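**Student:** Submitted below is the structure of interest, expressed as structure tokens.
The values are calculated or read from the model by the stated rules, or taken from the named source; none is laboratory data. Note that this is a predicted model, so its numbers are computed, not measured. Glycine gets a Cβ as well: all are built from the backbone with ideal geometry, and neighbour counts include every protein chain shown. Accessible surface is based on the protein model in full, side chains and every heavy atom, while ligands, DNA and RNA are left aside. Shrake-Rupley method; radii C 1.70, N 1.55, O 1.52, S 1.80 Å.
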Amino acid sequence: MNLQNISPDEVIYFHLGPFPISATIVYTWGVMLLLVLFSCMVTRNLATGNRIPRWQNLLEIIVQVMRDQIREISHQDPGIYLAFIGTLFIFIAVSNMLSVVPGFIPPTASLSTTAGLAVCVFVAVFIYGIIQQGILGYFRQYLKPTPFMLPFNVIGEFSRTLALAVRLFGNMMSGAKIAAILLAVIPLIFPVIMQALGLLTGLIQAYIFAILAMVYIASATRTHHEKAMELENKEQAKKGEVHG
Amino acid sequence: MLINWFTVIAQIINFLILMVLLKIFLYDKIVKAIDEREKKIADRMEDAERKNQEAEERGKSLQEEKRRLEDKRKDMLEEAEHEADERRKKLIKDAREEVDHRQGEWREALRREKKSFLDNLRRMIAERTFSLAGRVLQDLADAELQERVADVFIKRIKGMEEDEKKQAAKAIRESGGRIVLQSSFDMDETGKRKITAALREELGDEVEVEYETDPELLLGVNLKFRGRKIAWSLEYYLEDIMEQASQLLEEQARKEPDKQSVQAKERQSEQQEQTSDSV
């Protein structure tokens, strides 16, 4: 077992100019193509009447569940988060689940992919935090509860991003590798169970990744939100006293 | 090195592209569809609620109207029944009155007929008796009877009340003492003398008596002066008899209708019972 077997990044299919196009990128394109085509086909004829096509129904259920989850975690309108969190979940889930297809190497089994996604989350936390609280408001968070906590806050920010990337990569890579190892040891029947378990793990990992991203974003945006809520509560309490 | 930095950047770009594409082709459209359908459902629910309310109101108003109509119908039916009842009663009453009236008329006609018949009979009997008696008396009249008549007349004059006598005398005096004495037969001289003497004795000396004969008197004497009359005649007796006979006949005639009316009443009551049964 060498590095090439662990990471699909090392499998170079061809070079596009100076850039080596690895298996990870190719399979990512494949997943992207699949998702976009499927979405296009389904959403081309959307029905708003009583009867809706079953594929539209499926997509509506998925989107609705994601919106509900986002709303539950962030206590905010899911509008601006849906595209980011939803795409994370769908991309990871579809990539992981396609791992049961023979010959398909899930892009999420590459640490580069998971690192890329983690970087996206890291940046998104900044962007959403700044959108919601303003630049000063966002960066003031790192000084809480005291300015002495600043280094730890910064370390936490980076470490959790790293954890995101490594968690997903580890799980997916291990799933694929364990399947390969078990095939060598017990070639019949047992690998099927492992594949099924792999599907479950893949879905759970997608869920965990998306939920954690949302939690990070929510924690960056919620302070402002909570302050507003606290102010509101105080005002209400005052009113209550006055009325009392 | 597990991390290929070029791949990382490529994946980030890939991810961003995928995010944009999915936002365009999936999320926006699906969310829009969901919102639209939710709006539609909400609209429909609202519409249904409104319609339901309308239907409820309409149902209420219809029920109200139905109840009103039912009441009206009942009222009308009652009225009609009442009217019919009254009308029937009136018709029965009219019919009964009509029957009574007809019966009364018929009975009246019968009574009139009987009365006229009885009248005719009475008149005929009286006339017959009268003429028979007159003829018999005329046949029997002779000098002696005439004398007896004169005597009876004289007795009558003498039997007059004092007041009457005075009034008569006064009347005679005013008419110049002339009086006319009608008799049904030729008075002989003795009779004339006796009557004249009696008259002069009772009514005054200046009385002049003029004698006339009137066969229609049958048998009797009439004394006339200044419109007054003192008379004795068989006619009076006959008339008296006739009066009595007709009275008797009338009484009998009256009794018979009484019987008839009693029978009629019985019949009427029977009829009433029958009609009440049929009601």
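**Student:** State the number of residues belonging to the stretch B:138-177 that are touching a residue at least 40 places away in the same chain (Cβ under 8 Å), surrounded by 14 or more Cβ atoms within 10 Å (Cβ to Cβ) and among the basic types (Lys, Arg).
**Tutor:** Qualifying residue count, the stretch B:138-177: 1.
**Student:** Quick one: which of B:185, B:225 is open to solvent by less than 30 Å² (accessible area, probe 1.4 Å), modelled with pLDDT under 75, within 18 Å of residue B:148 (Cβ to Cβ) and within 60 Å of the chain's Cα centre (by Cα)?
**Tutor:** Step by step, each of B:185, B:225 is checked, and only B:185 is open to solvent by less than 30 Å² (accessible area, probe 1.4 Å), modelled with pLDDT under 75, within 18 Å of residue B:148 (Cβ to Cβ) and within 60 Å of the chain's Cα centre (by Cα).
**Student:** Pick from the stretch A:21-68 the residues that are outside any helix (DSSP H, G or I) and at the interface with chain B (Cβ under 7 Å from one of its Cβ atoms): which of them is surrounded by the fewest Cβ atoms within 10 Å (Cβ to Cβ)?
**Tutor:** That would be A:48.
**Student:** Moving on to the next point. Please give the number of the condition residue B:23 fails out of (1) farther than 30 Å from residue A:45 by Cα; (2) open to solvent by 80 Å² or more (accessible area, probe 1.4 Å); (3) within 14 Å of another protein chain (Cβ to nearest Cβ).
**Tutor:** (1)
**Student:** For the stretch A:74-90, what are the residues that are in a helix (DSSP H, G or I) and modelled with pLDDT under 90?
**Tutor:** Within the stretch A:74-90, A:74, A:79, A:80 qualify.
**Student:** Follow-up. Report whether or not residue A:154 is under 12 Å from the mean Cα position of the chain (by Cα), aliphatic (A, V, I, L, M) and open to solvent by 20 Å² or more (accessible area, probe 1.4 Å).
**Tutor:** Considered against the rule, which asks whether it is under 12 Å from the mean Cα position of the chain (by Cα), aliphatic (A, V, I, L, M) and open to solvent by 20 Å² or more (accessible area, probe 1.4 Å), residue A:154 comes out as no.
**Student:** Residue A:173: within 14 Å of chain B (Cβ to nearest Cβ), more than 30 Å from residue B:30 (Cα to Cα) and assigned to a helix (DSSP H, G or I), yes or no?
**Tutor:** yes
Here is a yes/no grid of residues against (1) closer than 26 Å to residue A:50 by Cα; (2) charged (D, E, K, R):
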site: B:41; (1), (2): yes, no
site: B:50; (1), (2): yes, yes
site: B:53; (1), (2): yes, no
site: B:64; (1), (2): no, yes
site: B:69; (1), (2): no, no
site: B:73; (1), (2): no, yes
site: B:77; (1), (2): no, no
site: B:84; (1), (2): no, no
site: B:88; (1), (2): no, yes
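**Student:** If the requirement is being out of contact with any Pro (no Cβ under 8 Å at 6 or more places or on another chain) and open to solvent by less than 100 Å² (accessible area, probe 1.4 Å), which of these qualifies: B:113, B:78, B:64, B:57?
**Tutor:** B:64
**Student:** If you don't mind, another one. Out of A:161, A:146, report the one residue that is crowded, with 16+ Cβ neighbours inside 10 Å and not aliphatic (A, V, I, L, M).
**Tutor:** It is A:161.
**Student:** On to the next question. State yes or no: is residue B:15 within 30 Å of residue A:13 (Cβ to Cβ), open to solvent by 50 Å² or more (accessible area, probe 1.4 Å) and within 7 Å of another protein chain (Cβ to nearest Cβ)?
**Tutor:** Taking the combined requirement at face value, the residue does not satisfy it.
**Student:** Suppose we filter B:35, B:43 for residues that are more than 7 Å from chain A (Cβ to nearest Cβ), modelled with pLDDT under 90 and either assigned to a helix (DSSP H, G or I) or open to solvent by less than 100 Å² (accessible area, probe 1.4 Å) (or both); which single one remains?
**Tutor:** The conditions single out B:35.
**Student:** Would you mind telling me which numbered condition in (1) in contact (Cβ under 8 Å) with a residue 40 or more places away in the chain; (2) under 30 Å from residue B:42 (Cα atoms); (3) more than 9 Å from every other protein chain (Cβ to nearest Cβ) residue A:121 fails?
**Tutor:** Looking at each condition in turn, residue A:121 falls short on (2).
**Student:** Could you list, in sequence order, all residues of the stretch A:145-166 that are away from chain B (no Cβ under 14 Å) and either touching a residue at least 40 places away in the same chain (Cβ under 8 Å) or among the hydroxyl-bearing types (Ser, Thr, Tyr) (or both)?
**Tutor:** If the condition is that a residue be away from chain B (no Cβ under 14 Å) and either touching a residue at least 40 places away in the same chain (Cβ under 8 Å) or among the hydroxyl-bearing types (Ser, Thr, Tyr) (or both), then A:146, A:159, A:160 are the ones that fit.
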